[in-house]
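Working notes for the structure below.
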Amino acid sequence: MTLKTSLTQALALAVFLLMLSSCKQSATAEPEPELIQYEEAASLLPVDRLNLPPGFRIEVFADSVEGARSMALGDNGTLFVSTRNKKTVYAIQDLDKDFRADHITVLDSTLEVPNGVAFRKGSLYVAQVGRLLRYDSIETKLDNPPAPVVVYDDYPTEFHHGWKYIAFGPDDKLYVPVGAPCNICDSAAVDERYASITRMDPDGSNREIVARGVRNSVGFTWHPQTGELWFTDNGRDLMGDDIPPCELNRVSEAGQHFGYPFCHGGIIKDPEYGEQHSCDEFVPPVQALGAHVAPLGVRFPTGAMFPEEYRGDALLAEHGSWNRAKKSGYRIARVELDGNNSVGYGPFIEGWLDEETQEAFGRPVDLLFLSDGSLLISDDVAHAIYRVTYAPPGTPGA
């Protein structure tokens with residue numbers, strides 16, 4: 001055997017062993033966590049079409065946030081944003097503190113309808129339809145998110161109105177709604193959790209029902225002075241374009257019933273279930289909203305930025321109708337309050353919907369006030385987060 005032949009065979013054997021080793025490593029290696037990071041580009045959204053009261057200004061805080069829904073703010077300023085149909089939860093950062101996002105991380109893209117997000121003591125809670133997950137110490141692990149802890153996995157699994165909005169209340173309880181799994185039905189007769197808002201300890205224990213007769217709440221908050229729970233509720237379909245109204249409600253006592261499926265808007269008997277109970281038996285809404293406007297997020301202005309006349313009023317995101325002949329909603333509404341009583345209801349921001357063409361470039365979903373008093377608004381059609389600021393008219397740069 002020649003030296004050349006020996007070298008050739010040795011080289012071939014080395015290549016073979018290297019390939020074999022590579023195959024074994026590929027078969028046993030752990031998959032890399034899915035993590036997509038990118039710099040935020042300049043927005044092309046037509047925010048100049050949006051109409052606000054004098055002194056208010058709206059800008060894009062973040063775009064390319066596909067399907068942006070619920071929002072929760074971390075202790076270190078990270079904005080966590082959920083989706084409903086995209087299986088994804090995002091972490092959004094403004095690292096240079098210029099009030100425009102410059103870093104977006106996909107924390108998880110394998111989730112089932114992860115509509116609800118809440119933050120408590122370093123942990124991110126994410127609500128799917130039937131279970132609740134917790135990502136511990138998440139703000140210190142954005143580049144390598146931990147595997148989630150399952151807090152519970154025994155809530156109803158029906159998709160119809162099954163997506164959740166969640167939040168921690170001033171009592172340190174986690175509030176979790178359970179929508180009716182239908183347009184109209186007495187689902188609570190089958191499982192009392194249906195058509196309700198529940199609450200529990202952070203570990204999922206000590207569950208109870210706070211509000212009953214709630215068809216589908218996808219937004220709630222607590223009054224900054226009274227600490228009472230206020231929530232939006234989506235009215236039923238197939239009673240016409242103009243009835244029944246959607247609702248803004250206040251819970252003054254745990255266990256109150258708000259009418260569904262027997263009574264709508266405090267005064268309208270349901271054609272199928274209305275004869276079983278009088279509307280007088282139920283808590284009427286603080287404000288009957290427009291029919292089919294689909295109210296979602298609701299907040300009371302906090303901080304020092306908004307004018308004094310807005311303090312104590314409720315702002316809510318009307319996501320917009322899906323089957324009304326002429327579309328309604330597609331705006332941020334303001335409910336003016338005198339104590340717990342409504343004294344006015346109308347637009348705060350509108351223009352996402354072109355009334356003439358009936359086309360919309362966006363649909364507002366959730367609201368969140370930052371520490372400086374500015375307001376964030378999520379949009380799951382424009383895939384964006386907006387920021388609303390206020391400066392008195394005549395102020396330089398306003």
I want to confirm something. Restricting to the range 329-341 and keeping residues that are surrounded by 20 or more Cβ atoms within 10 Å (Cβ to Cβ) and without any contact (Cβ under 8 Å) to a residue 60 or more places away in the chain, which single residue is farthest from residue 295 (Cα to Cα)? 337
Residue pairs meeting the criteria (Cβ under 7 Å; at least 6 apart or on separate chains; first touching a residue at least 60 places away in the same chain (Cβ under 8 Å) and buried (at least 19 other Cβ atoms within 10 Å of the Cβ), in the range 209-226; second aliphatic (A, V, I, L, M) and part of a loop (DSSP other than H, G, I, E, B)): 213/195
Checking the condition over 22 Å from residue 247 (Cα atoms) and not aliphatic (A, V, I, L, M), which residue from 336, 350, 355 passes? 355
Residue pairs meeting the criteria (Cβ under 6 Å; at least 6 apart or on separate chains; first among the basic types (Lys, Arg), in the range 233-245; second in a loop (DSSP other than H, G, I, E, B)): 236/183; 236/184
Give me the residue from the range 130-186 that is farther than 26 Å from residue 367 by Cα and of a type in the set (A, V, I, L, M, F, W, C) and, out of that set, farthest from the chain's Cα centre (by Cα). 185
May I ask you to list the residues in the range 253-265 that are outside any strand (DSSP E or B) and within 16 Å of residue 217 (Cβ to Cβ)? 254, 255, 258, 259, 260, 261, 265
Please determine, by comparing only the residues of the range 293-328 that are aromatic (Phe, Trp, Tyr) and in contact with a strand residue (DSSP E or B) (Cβ under 9 Å, 6 or more places away or on another chain), which one is nearest to residue 387 (Cα to Cα). 306
With the requirement that a residue be in a loop (DSSP other than H, G, I, E, B) and either under 17 Å from the mean Cα position of the chain (by Cα) or farther than 26 Å from residue 268 by Cβ (or both), what does the range 216-241 give you? 216, 217, 218, 219, 223, 224, 225, 226, 227, 234
Do you know which of the residues in the range 173-196 that are in contact (Cβ under 8 Å) with a residue 40 or more places away in the chain and under 23 Å from residue 250 (Cβ atoms) is surrounded by the most Cβ atoms within 10 Å (Cβ to Cβ)? 195
Quick check, is residue 91 assigned to a strand (DSSP E or B), over 20 Å from residue 153 (Cβ atoms) and either among the charged types (D, E, K, R) or modelled with pLDDT of 95 or more (or both)? yes
Could you tell me whether the range 334-345 includes any residue that is at pLDDT below 95 and over 18 Å from residue 71 (Cα atoms)? no
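Each row is one residue, and each column tells you yes or no for (1) touching a strand residue (DSSP E or B) at 6+ places or on another chain (Cβ under 9 Å); (2) surrounded by fewer than 20 Cβ atoms within 10 Å (Cβ to Cβ); (3) of a type in the set (Ser, Thr, Tyr).
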residue	(1), (2), (3)
356	no, yes, no
361	yes, yes, no
367	yes, no, no
372	yes, yes, no
380	yes, no, no
385	yes, no, no
392	no, yes, no
Collect the residues in the range 135-154 that are in contact with a strand residue (DSSP E or B) (Cβ under 9 Å, 6 or more places away or on another chain) and part of a loop (DSSP other than H, G, I, E, B), keeping them in residue-number order. 136, 137, 141, 142, 143, 145, 146, 147, 148, 153
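The values are calculated or read from the model by the stated rules, or taken from the named source; none is laboratory data. Please read these numbers as outputs of a predicted model, since none were measured by experiment. Reconstructed Cβ throughout: ideal geometry from the backbone, glycine too, with neighbour counts over all protein chains shown.
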